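Read the structure below first, then the notes.
Quick note: the coordinates plus some simple rules give every number you see, no bench work behind them. Keep in mind it's a predicted model, so treat the numbers as computed, not measured. Because the Cβ atoms are built from the backbone with ideal geometry, glycine has one as well, and the counts that use them run over all protein chains shown.
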Amino acid sequence: MVKRNKLEIIKDILIIIKENNTIRPTPLLRKANISSDRSVEYFNELIKKRFIEEKIDKDGNKFISLREKGLKFLEKYKTIIEFIDEFEL
């Protein structure tokens, strides 16, 4: 099994959020297959870079949603992967 790099993990996180519109942190980390320790690290970075946002409902439940910058990252990531594949790099 090949270990994912940081960009692949970020891409996976953002795609899962995009597919679900909003998602709670625990199901997200399960679907992204990352530990809770690592998820905090990634979530904090993605929030700081404004790729995602964390919302809390009236009952205190946390939800994560994708921001415009996160969508742009996914578009650019796809373009880069297509370029790499096209030139067999």
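When the trypsin sites (Lys or Arg not before Pro) in region 1-46 are filtered for DSSP coil states and for at most 10 other beta-carbon atoms within 10 Å of their beta-carbon, the remaining sites are LYS3. Across the chain, the mean sequence separation of Cα contacts (distance under 8 Å, 6 or more residues apart), normalised by length, yields a relative contact order of 28 percent. For region 6-86, the pair-distance distribution built from all alpha carbon pairs, in bins 5 Å wide starting at 0, is 3, 15, 27, 26, 16, 8, 3, 1, 1, 0 percent. Structure note, pairs LYS31/LYS76; LYS31/LYS55; LYS11/LYS48; LYS49/LYS78; LYS6/LYS49: Cα-Cα distances above 21 angstrom occur for LYS31/LYS76.
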